[in-house]
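First up is the structure itself, then whatever we jot down about it.
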Amino acid sequence: MVPLDLMSPNDCGVIVEMDGDPCFLKRLEEIGIQVGCNLRMVCPGSPCMVCIEGKRLSLRLDQHAEIYVCPSANQSSASM
């Protein structure tokens with residue numbers, strides 16, 4: 001399990017834990033970012049860009065939330 005902000009470009013994984021401000025976490029879930037989702041890191045940084053279910057999303061988590069990912073050996077597990 002690694003924090004989202006330590007992933008490299010094109011790394012894939014499954015979200016296994018989300019921690020932080022409950023209001024911010026609820027907003028992330030509303031836009032499709034939740035435990036169990038496959039994702040691919042497109043561009044790390046702050047903000048970072050991730051691809052989840054074919055959608056590219058730009059995230060600036062800062063102190064509001066931490067997302068933990070279980071890396072996947074299959075680099076195509078998240079839709080491009």
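The values are calculated or read from the model by the stated rules, or taken from the named source; none is laboratory data. Since the structure is predicted, the reported quantities are computational estimates derived from the model, not experimental observations. Here the Cβ positions follow ideal geometry from the backbone for every residue, glycine too, while neighbour counts run over all protein chains shown. These accessible areas exclude ligands, DNA and RNA; they are computed on the full protein's heavy atoms, side chains included. Shrake-Rupley method; radii C 1.70, N 1.55, O 1.52, S 1.80 Å.
In table form, for the structure just shown:
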| quantity | calculated |
| --- | --- |
| One residue from 22, 9 being open to solvent by 30 Å² or more (accessible area, probe 1.4 Å) and out of contact with any Cys (no Cβ under 9 Å at 6 or more places or on another chain) | 22 |
| Conditions (1) in a strand (DSSP E or B); (2) basic (Lys, Arg); (3) open to solvent by 80 Å² or more (accessible area, probe 1.4 Å); number of the one not met by residue 40 | (3) |
| Test for residue 29: is it of a type in the set (D, E, K, R), without any contact (Cβ under 8 Å) to a residue 24 or more places away in the chain and open to solvent by 80 Å² or more (accessible area, probe 1.4 Å) | yes |
| Residue in the range 54-64 that is modelled with pLDDT of 95 or more and surrounded by 18 or more Cβ atoms within 10 Å (Cβ to Cβ) present | no |
| Which listed residue is touching a residue at least 24 places away in the same chain (Cβ under 8 Å) and touching a Pro at 6+ places or on another chain (Cβ under 9 Å), from 44, 71, 3 | 44 |
